[in-house]
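Accompanying notes for the structure given below.
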């Protein structure tokens, strides 16, 4: 079961990154143009995919054999860089990134002008993208 969830989490991450990049560039490129239903769908689809990824990640976190390191290492998790990445940094930063996507999506809906809508999406989704890219375990993901 662990392997299935791990593979799903890894492949779903590609979808999230692709749609998040599309959403960021769409908001930047269309900055002062009229906000369209397509722009809304891109922002919403990004929100949905990222939340699904979060749910998959939370399930993976608790079924992962790495989760046992909490009891084995205790406070030593923070001194082990690989354990810290998987058990602390990756989950915390990615939850923060998805929270920013959620906040950006909520705030953009309240904006009255197209320019303001695009700006909210561009700012919040860009910060989320940088955070997500910073905490991907590249060595295992690409290896």
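Scan segment 46-78 for residues that are modelled with pLDDT of 85 or more and assigned to a helix (DSSP H, G or I) and the total you get is 19.
Yes/no matrix, rows are residues, columns are (1) over 14 Å from the mean Cα position of the chain (by Cα); (2) on the phi < 0 side of the Ramachandran plot; (3) surrounded by fewer than 18 Cβ atoms within 10 Å (Cβ to Cβ):
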| position | (1), (2), (3) |
| --- | --- |
| 32 | yes, yes, yes |
| 67 | yes, yes, yes |
| 74 | yes, no, yes |
| 92 | no, yes, yes |
| 103 | no, yes, yes |
| 108 | yes, yes, no |
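Please work out if residue 32 is in contact with a helix residue (DSSP H, G or I) (Cβ under 8 Å, 6 or more places away or on another chain), at pLDDT below 95 and over 30 Å from residue 140 (Cβ atoms).
yes
Scanning segment 23-32 for residues that are in a helix (DSSP H, G or I) and either closer than 10 Å to residue 118 by Cβ or touching a residue at least 24 places away in the same chain (Cβ under 8 Å) (or both) turns up 23, 24, 26, 27, 28, 29. Quick one: is residue 76 closer than 20 Å to residue 36 by Cβ and in contact with a helix residue (DSSP H, G or I) (Cβ under 9 Å, 6 or more places away or on another chain)? In short, no.
The values are calculated or read from the model by the stated rules, or taken from the named source; none is laboratory data. The structure presented is a predicted model; accordingly, all values stated were derived computationally and were not measured. Quick reminder, even Gly has a Cβ in these numbers, built from the backbone with ideal geometry, and neighbours come from all protein chains shown.
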